[in-house]
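The values are calculated or read from the model by the stated rules, or taken from the named source; none is laboratory data. Treat the numbers as computed from the prediction; the structure is a model and nothing was measured. A quick note on method: Cβ atoms are made from the backbone with ideal geometry, for glycine too, and the neighbour counts reach across all protein chains shown. Only protein heavy atoms, including side chains, enter the accessible area calculation; ligands, DNA and RNA are left aside. Shrake-Rupley method; radii C 1.70, N 1.55, O 1.52, S 1.80 Å.
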Amino acid sequence: MNFFTGKNKDSGTNISELRIPAHVAIIMDGNGRWAKKRGMPRTFGHTQGARVAETILEDASDLGIRYLTLYAFSTENWSRPEAEVNALMNLLRKYMQSSLEKCARNNVRVRVIGERSVLAKDLQESIEVLERATASNTGIGFQIAINYGGRDEIVRAIKRASGEGLLTDPAAITEDMINGHLDTAGIPDPDLLIRTCGEQRISNFLLWQLAYSEFYFTDKAWPEFDKAELEKAIEAYNHRERRYGGLKA
Ligand code: FPP
């Protein structure tokens with residue numbers, strides 16, 4: 001983005017003329033490859049990736065995005081080497097503990113999605129503290145997916161509904177009812193899904209919620225993703241025609 005003209009240097013489009021998606025979800029891929037290319041350990045890539053996550057949250061808020069959801073740790077990521085899992089958990093722990101003041105200053109509301117009961121007790125507590133402290137903030141909603149799997153979330157939603165006795169009458173089983181029992185209850189579905197570093201799959205992320213989202217893939221690795229890249233994705237989104245299964249307007 002050119003500071004003086006406000007135009008995106010690659011396209012000449014002015015970001016202020018674009019429709020801003022209300023909810024952007026991101027699969028932050030490529031930390032390991034990015035680090036390896038530089039002769040560094042994979043965990044170096046994750047550390048840089050966590051920094052980028054914090055910067056992109058600010059950029060998203062500046063652009064007027066209302067919700068940002070980041071895939072930080074999947075239900076499948078436990079199969080990585082123990083040292084890498086620990087490094088990722090420590091980055092998340094550090095974020096929860098160090099961002100209270102920043103979230104207050106920037107009016108950010110944090111929600112962690114995913115099955116948190118298997119996380120370390122102290123991490124669970126830091127998550128709860130940060131969620132509680134930011135719950136009434138009215139700025140951007142920041143969802144961090146930790147030990148998250150889309151299928152697991154749907155199973156847990158159904159179990160929750162069952163626990164409330166809501167599955168006995170088939171007529172009462174509706175999309176709204178299931179929606180209301182997901183970890184993302186109350187949050188609109190993503191308008192735009194971004195995945196970095198070349199892969200084109202959704203890897204068990206927000207399976208229910210991405211039903212009508214637009215997808216944007218970039219070859220940039222997550223540690224090199226920045227505001228200009230986010231603007232490019234928003235620009236591509238503006239060229240999409242969303243029909244939700246209907247016909248051209
Ligand atoms: C995928 O890259 C990335 C992850 C599994 C972890 C992403 C987590 C962070 C960036 C930390 C998030 C922190 C906050 C504060 C939200 P990969 O390592 O699988 O990449 P590769 O495919 O190149 O190996």
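Brief remarks follow.
- Matching residues in the range 59-77 - criterion: being within 12 Å of the ligand (Cβ to nearest atom) and either in a strand (DSSP E or B) or in contact with a helix residue (DSSP H, G or I) (Cβ under 6 Å, 6 or more places away or on another chain) (or both): L68, T69, L70, Y71, A72, F73, S74, T75
- Some residue of the range 187-207 being more than 15 Å from the chain's Cα centre (by Cα) and either modelled with pLDDT under 95 or among the β-branched types (V, I, T) (or both): no
- Every residue from the range 115-172 that is open to solvent by 60 Å² or more (accessible area, probe 1.4 Å) and among the polar types (S, T, N, Q): S117, S136, T138, S162, T168
- Some residue of the range 203-218 being without any contact (Cβ under 8 Å) to a residue 60 or more places away in the chain and either in a helix (DSSP H, G or I) or over 24 Å from I140 (Cβ atoms) (or both): no
- In the range 219-240, the residues that are assigned to a loop (DSSP other than H, G, I, E, B) and buried (at least 20 other Cβ atoms within 10 Å of the Cβ): A221, F225
- Among the residues of the range 173-192, the ones that are surrounded by 17 or more Cβ atoms within 10 Å (Cβ to Cβ), of a type outside the set (A, V, I, L, M) and either over 17 Å from V24 (Cα atoms) or in contact with a Leu (Cβ under 8 Å, 6 or more places away or on another chain) (or both) come to 4 in all.
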